[in-house]
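Peer 1: One structure, as structure tokens, below. Some questions next.
Throughout, read-outs are computed from the coordinates displayed, never taken from laboratory work. Only a predicted model underlies this, so the values are computations on that prediction, with no experimental measurement involved. Every residue, glycine as well, gets a Cβ built from its backbone with ideal geometry; the counts of neighbours run over all protein chains shown.
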Amino acid sequence: MSEAARKLDHDTIWGVEEDLSVLTFNLNGETFAIEATVVQEILDLLPETHVPGSKPFVSSVINFRGKVIPLADIRLAFGMDATETTIDSRIVVIELDLDDEPTLVGIRTDKVNEVTTLPKVASEPPPSVGMRWRADYINCLVKRGGEFIIVPNLHAIFSSRKERTGNAQAPN
């Protein structure tokens with residue numbers, strides 16, 4: 001991903017705003033944040049129905065208020081190992097506009113932390129070198145205290161996964 005494309009993704013999430021209201025959560029010891037405006041609800045773990053032949057990234061569905069929605073484990077998109085659920089594990093239900101259609105998706109988390117505000121001045125596009133994850137899956141990194149908060153590019157993650165479902169391979 002070029003420097004210009006990384007800057008465009010970074011500028012897209014912030015727009016003209018100086019602060020971004022987000023929900024922070026943990027995945028494998030890393031802190032992530034998603035825009036609070038896309039969050040519909042935070043749920044305790046629910047019974048999951050495995051979908052045979054699906055990608056590990058979205059291998060099951062849940063019943064959310066009478067609707068069947070995919071349950072995604074975005075840690076797999078980032079190449080992280082799946083982990084066992086704990087008492088702190090939660091599902092964050094978000095609504096994204098995918099292919100010009102509002103789409104509900106559940107995201108499995110290790111722990112939901114807080115709704116907070118992140119300042120634009122503390123954010124920067126992901127570096128082009130040294131990242132262990134795909135740069136196009138990250139909108140920006142925000143420095144807070146002694147840590148970085150990762151703001152994932154959910155549109156890139158879910159769009160690329162959706163495009164690949166047409167030529168999915170059988171699970172091992």
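Peer 1: How big is the Rg/Rh ratio for segment 8-94, C-alpha atoms only, Rh by Kirkwood, two decimals? The partial results should precede the final answer.
Peer 2: Details: Rg = 14.7 Å, Rh = 14.8 Å.
The Rg/Rh ratio comes out at 0.99.
Peer 1: While we're on this one: With labels modelled as points extended 7 Å from the Cα through the Cβ direction, what inter-label distance (nm, one decimal) is found for M80 paired with W133?
Peer 2: Placing both labels 7 Å along Cα→Cβ, they lie 0.7 nm apart.
Peer 1: Pairing the Cα long axis of helix 3-14 with the longest principal axis of the chain, what angle in degrees results, from 0 to 90 and rounded to the nearest 10?
Peer 2: So the inclination is approximately 80 degrees.
Peer 1: Let me ask another. Can you give me the distance in nm between label points at E18 and T31, each placed 7 Å from the Cα along the Cα-to-Cβ direction?
Peer 2: So the two model labels end up 2.2 nm from each other.
Peer 1: In a shell of Cβ-Cβ distance under 10 Å around N28, excluding N28 itself, what net charge do Lys and Arg (+1) and Asp and Glu (-1) give? Write out the running numbers ahead of the final one.
Peer 2: Details: positive: R75; negative: E30, D81, D110.
Neighbour charge sum, excluding N28 itself: -2.
Peer 1: Suppose we look only past 29 Å in the calculated P(r) of the chain. What percent of the Cα-Cα pairs does that tail hold? Numbers along the way, then the final one.
Peer 2: Numbers: 2515 of 14706 pairs.
Beyond 29 Å sits 17 percent of the P(r) for the chain.
Peer 1: Roughly how many nanometres apart are two label points built 7 Å out from the Cα toward the Cβ at L96 and A122?
Peer 2: Placing both labels 7 Å along Cα→Cβ, they lie 2.5 nm apart.
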